[in-house]
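In what follows, a single structure is set out as structure tokens and then discussed.
Since every read-out is calculated from the coordinates, none of them should be taken as a lab result. What you see is a predicted model; the values in this text were computed from it and never measured. A quick note on method: Cβ atoms are made from the backbone with ideal geometry, for glycine too, and the neighbour counts reach across all protein chains shown.
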Amino acid sequence: MKAAVMREPNKPLSIEEVTIDKPGPREVLVRLKAVGVCHSDVHFWDANFPVETPVILGHESAGVVEAVGSMVSAVKPGDHVISILSPFCGTCEYCLSGHMSVCHTINREQFQRQMTEAPRLSINGEKVGQFLNLSSFAEQILVHENTLCAIDKDMPLDRACLIGCGVITGVGSVFHAAKVEPGSTVAVVGCGGVGLSAINGAAIAGASRIIAVDLSDEKLQMAVRFGATDVVNPSKVNAVEAVKELTKGGVHYAFECVGLKQTAEQAYHMMRPRGLATLIGMITPGVNIEIPGIEMLVTEKRLQGAIMGSNQFRIDFPRLVELYRQGKLHLDDMISDRIGLDGITGALQNLKDNKGTVARQVVVFD
Ligand SMILES: [Zn+2]
Ligand SMILES: [Zn+2]
């Protein structure tokens with residue numbers, strides 16, 4: 001099968017013929033139909049986060065099951081599926097209490113093949129790294145069954161793939177992590193794919209004011225289409241003061257979707273007492289956030305992280321498909337471009353350059 005292989009950071013990905021193994025007992029072979037290019041891919045492509053090469057990036061995918069291992073029970077050949085980078089073991093404390101999104105942080109190995117086994121991906125016998133247990137910039141993926149969720153076959157897969165990372169990260173943070181209440185006020189800092197999804201989620205949750213904050217006026221215009229009631233551009237005004245003024249003292253919920261120290265601290269300061277700030281953006285390892293301790297104490301403000309929208313994806317994905325069908329989840333507007341495998345390098349560069357119009361560029365396979 002063909003895949004876009006990363007051999008060196010910041011260099012064009014090369015389209016190569018890659019050997020993909022047959023499914024082991026709990027593995028599933030999926031023919032991909034679509035994969036979104038996510039900002040997290042950029043973080044590894046430009047070496048901001050370490051990754052061993054050669055590797056195939058990509059992790060926001062949807063496709064059709066081709067073959068399953070002898071013990072697979074969750075999906076069967078012909079099923080349409082969405083993948084996720086946070087598989088669950090189903091037996092640990094976190095999984096059993098419904099917090100599957102933090103399962104993999106303690107138990108990652110079991111979703112991969114062992115060193116002694118044949119690699120899932122190789123080129124002429126040389127092992128190719130599987131990124132986040134997925135490696136979706138490829139025609140096929142071979143994954144653990146707990147990486148997949150089956151969905152209705154009438155859901156278009158080029159839109160379904162977005163649910164697997166950007167959408168669940170934004171919407172899930174609103175529903176699961178923050179539990180935004182109807183009538184409450186929300187600020188979302190950063191309006192890329194994840195931020196737009198958080199705005200969309202806040203609108204579905206019934207927030208009365210949803211304030212979008214971004215340096216790009218184009219992204220702010222998009223944010224309005226996703227449900228933002230107000231927009232703030234920090235290149236023109238003091239974002240913290242503007243949000244406080246719009247909400248008479250600060251929002252109930254803030255979401256940081258950029259991954260920077262400055263914006264994380266801004267998200268915190270935009271809140272009223274008892275407010276809850278959720279960090280969603282990928283903060284570079286080594287970067288610390290500074291919050292005035294006594295202010296946090298006396299205002300009872302809260303700060304939390306949420307990985308992959310604190311998802312319960314086998315429950316969430318079919319629900320999000322239904323919300324799309326009802327016109328509440330705006331996946332159509334999320335796609336700015338449809339490209340082929342050979343267009344991924346350009347798409348990564350666009351994201352890195354922070355082009356204002358780029359929400360999601362989606363690779364579609366024939
Ligand atoms: Zn992603
Ligand atoms: Zn677990």
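Report, ordered by chain and residue number, the lysines lying within cross-link reach of Lys352, taken as a straight Cα distance under 26 Å and ignoring same-chain residues fewer than 8 apart.
Lys2, Lys11, Lys33, Lys219, Lys236, Lys261
Sort 52-58, 135-141 by the packing proxy (mean of other Cβ within 10 Å over each peptide's residues), most packed first.
135-141, 52-58
Which entries in Lys153/Lys328; Lys244/Lys301; Lys76/Lys328 show an alpha-carbon gap greater than 24 Å?
Cα-Cα > 24 Å for Lys76/Lys328; rest within.
What helices does the chain hold that run 27 Å or longer along their axis, going by alpha-carbon atoms, with a Kyte-Doolittle average of 0.0 or more, using DSSP H for the helix calls?
Length and hydropathy pass: none found.
Given a cut-off of under 8 Å on Cα pairs at least six residues apart, what relative contact order in percent is computed for the stretch 142-268?
Across the stretch 142-268, relative contact order equals 24 percent.
Determine ³J(HN,Hα), in whole Hz, for all residues of the stretch 126-139 in sequence, where each value follows from phi through the Karplus function 6.51 cos²θ - 1.76 cosθ + 1.60 and θ = phi - 60°; x replaces Gly and Pro.
Result, rounded to whole Hz: 8, 5, 10, x, 9, 6, 6, 6, 10, 6, 9, 7, 7, 6.
Could you tell me what percent of the DSSP beta bridges with both partners in the chain are antiparallel, to the nearest 5?
If I count the DSSP bridges inside the chain, around 55 percent turn out antiparallel.
Need the full-extension length gain, Val224 to Arg314, defined as separation in residues times 0.36 nm minus the C-alpha distance. One decimal, nm.
Once the chain is fully extended between Val224 and Arg314, it gains 29.4 nm.
From largest to smallest, what semi-axes in whole angstrom does the chain give when each is the square root of 5 times an eigenvalue of its alpha carbon gyration tensor?
In descending order, the three semi-axes are 35, 21, 20 Å.
Given a cut-off of under 8 Å on Cα pairs at least six residues apart, what relative contact order in percent is computed for the chain?
19
Using 0.36 nm times the number of residues separating Asp152 and Thr53, minus their current alpha carbon distance, what extension gain do you get?
32.1 nm
Considering only the stretch 223-366, what is the antiparallel percent among its DSSP beta bridges, to the nearest 5?
For the stretch 223-366, the DSSP antiparallel bridge percentage is about 0.
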